[in-house]
Amino acid sequence: MGSFATDVQERLRDALAARLGGEWETEASIASTPVDVLGREPTVAVEVEWRRADPVNNTAKLFRHLAEGTLDGEVVVVQLFSRYYDLQSGGVSSKRENAEFVGEVATDALAGFEYHPLTLDIDPPKHGGDRPDGWREAVDTVADAIPER
């Protein structure tokens with residue numbers, strides 16, 4: 001991940017700590033699975049999807065850990081999808097749809113588990129590109145939406 005993604009993670013971490021209290025970490029591990037932003041008590045794992053070819057992968061690992069009993073207690077997974085997953089014709093890519101489907105199935109199948117997909121209103125630049133205007137506000141807006149979930 002580049003410095004821009006790291007800055008987004010850190011801003012999100014700080015915003016969630018201000019809104020929800022508690023300790024929040026970036027690049028933390030939960031059951032040996034890296035998580036972009038993690039809050040504990042309750043466990044809230046936030047995955048930021050920039051341009052990932054398979055956005056279902058990291059969250060599916062968390063679901064598997066829950067199903068296997070590796071994780072205890074209530075777990076909330078929030079998956080933030082950048083505008084990269086939007087289709088020019090409208091709607092979202094099948095990659096996002098698949099990730100959301102797996103999250104919904106996991107929510108139905110696993111006690112104490114919640115999944116919430118949200119849009120992070122950032123069109124991530126390609127490697128070396130300029131940061132888009134308004135990225136800080138986009139992070140703050142999505143941080144406002146997370147406690148409502």
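Some observations on this one:
- Of residues in region 57-113 being among the hydroxyl-bearing types (Ser, Thr, Tyr) and outside any helix (DSSP H, G or I), the one surrounded by the most Cβ atoms within 10 Å (Cβ to Cβ): Ser82
- For region 118-147, the tally of residues that are β-branched (Val, Ile, Thr) and part of a loop (DSSP other than H, G, I, E, B) stands at 2.
- The listed residues are Glu47, Glu27, Glu41, and the only one of them that is on the phi > 0 side of the Ramachandran plot, in a strand (DSSP E or B) and of a type outside the set (Gly, Ala, Ser) turns out to be Glu27.
- Residue match in region 64-74 (condition: in contact with a Ser or Thr (Cβ under 7 Å, 6 or more places away or on another chain) and either under 14 Å from Pro117 (Cβ atoms) or of a type in the set (S, T, N, Q) (or both)): no
- Selection from region 4-34 of residues that are open to solvent by less than 20 Å² (accessible area, probe 1.4 Å), more than 11 Å from Ala45 (Cα to Cα) and either among the acidic types (Asp, Glu) or in contact with a strand residue (DSSP E or B) (Cβ under 6 Å, 6 or more places away or on another chain) (or both): Gln9, Leu12, Leu16
- The set of residues in region 41-83 being touching a strand residue (DSSP E or B) at 6+ places or on another chain (Cβ under 8 Å) and of a type in the set (D, E, K, R) consists of Glu47, Glu49, Lys61, Glu74, Arg83.
The values are calculated or read from the model by the stated rules, or taken from the named source; none is laboratory data. Worth saying up front: this structure is predicted, and the values here are computed from it rather than measured. Note that we place each Cβ from the backbone using ideal geometry, even for glycine, and neighbour counts take in every protein chain shown. For accessibility, only protein heavy atoms count, side chains too; no ligands or nucleic acids. Shrake-Rupley method; radii C 1.70, N 1.55, O 1.52, S 1.80 Å.
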